[in-house]
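Contents: one structure, followed by commentary.
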Amino acid sequence: MIALDKAFKITIDAVVLNQLERIAPAFEDVHKVREQVEHAVKEREKIILPKNQSLFKVFVRMYNRFHQEVEILVDASKKKNMKAVQRQVNKLLNMCVRCHGLFRR
Ligand code: HEC
């Protein structure tokens, strides 16, 4: 989450300052974390959620969906498509809030 939080803040700065080239590198560490989490899910290792552990499947679905939207963000930033980048930033922000509402204390 630390990596993601940092990447998202860099993304907001990148939009505000019109420096979309900063977005793709910012998400490199996030991709690494994603691989670790996916591995854990596949191996059925226990991922402890602060609340609503019984909705673990929903968490995995939201997590995957979130990363699909991150991919769209990174692609849009590489194409310098500011409109699409802004749309993805809005979408991702809503997903942060929604997932935290369900699974964070
Ligand atoms: C699929 C679910 C999900 C999404 C999407 C998500 N988070 Fe989180 N986040 C969590 C959970 C669960 C925790 C609590 C982790 C814990 O306490 O063990 C957390 C914790 C955090 C924390 C507290 C620090 C930490 O490491 O615990 C920050 C900051 C954070 N998230 C930022 C973000 C931002 C920014 C986004 C969107 C760009 C986001 N999160 C999207 C599930 C999510």
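Computed from the coordinates by the stated procedures, all read-outs in this text should not be read as laboratory data. Please read all numbers here as calculations on a predicted model, not as lab measurements. Neighbour counts are summed over all protein chains in view; Cβ atoms, including those assigned to glycine, are modelled from backbone coordinates with ideal geometry.
Suppose the filter is assigned to a helix (DSSP H, G or I) and more than 9 Å from the ligand (Cβ to nearest atom); does R34 pass it? Here the answer is yes, as R34 does meet what is asked. Among the residues of the stretch 42-61, the ones that are within 10 Å of the ligand (Cβ to nearest atom) and in contact (Cβ under 8 Å) with a residue 40 or more places away in the chain come to 6 in all.
For the stretch 5-30, how many residues are within 14 Å of the ligand (Cβ to nearest atom), more than 12 Å from the chain's Cα centre (by Cα), surrounded by fewer than 18 Cβ atoms within 10 Å (Cβ to Cβ) and not β-branched (V, I, T)? So the answer is 1. Mind telling me which of the residues V97, V89, V74 ends up being β-branched (V, I, T), surrounded by fewer than 16 Cβ atoms within 10 Å (Cβ to Cβ) and part of a helix (DSSP H, G or I)? V97 is the lone residue from the list that is β-branched (V, I, T), surrounded by fewer than 16 Cβ atoms within 10 Å (Cβ to Cβ) and part of a helix (DSSP H, G or I). Scanning the stretch 39-63 for residues that are outside any helix (DSSP H, G or I), touching a helix residue (DSSP H, G or I) at 6+ places or on another chain (Cβ under 7 Å) and on the phi < 0 side of the Ramachandran plot gives I47, L49, P50, K51. Scan the stretch 62-80 residue by residue and report those that are free of Cβ contacts under 8 Å to residues at least 40 places away in the same chain and either among the polar types (S, T, N, Q) or more than 17 Å from F8 (Cβ to Cβ) (or both). Within the stretch 62-80, N64, Q68, K79 qualify.
Can you tell me which condition K80 does not meet? The list is (1) more than 8 Å from the ligand (Cβ to nearest atom); (2) part of a helix (DSSP H, G or I), and all the others hold. Result: K80 fails condition (2) only.
For the stretch 73-105, name all the residues that are within 29 Å of K46 (Cα to Cα) and among the β-branched types (V, I, T).
V97 - this is the single residue of the stretch 73-105 that is within 29 Å of K46 (Cα to Cα) and among the β-branched types (V, I, T).
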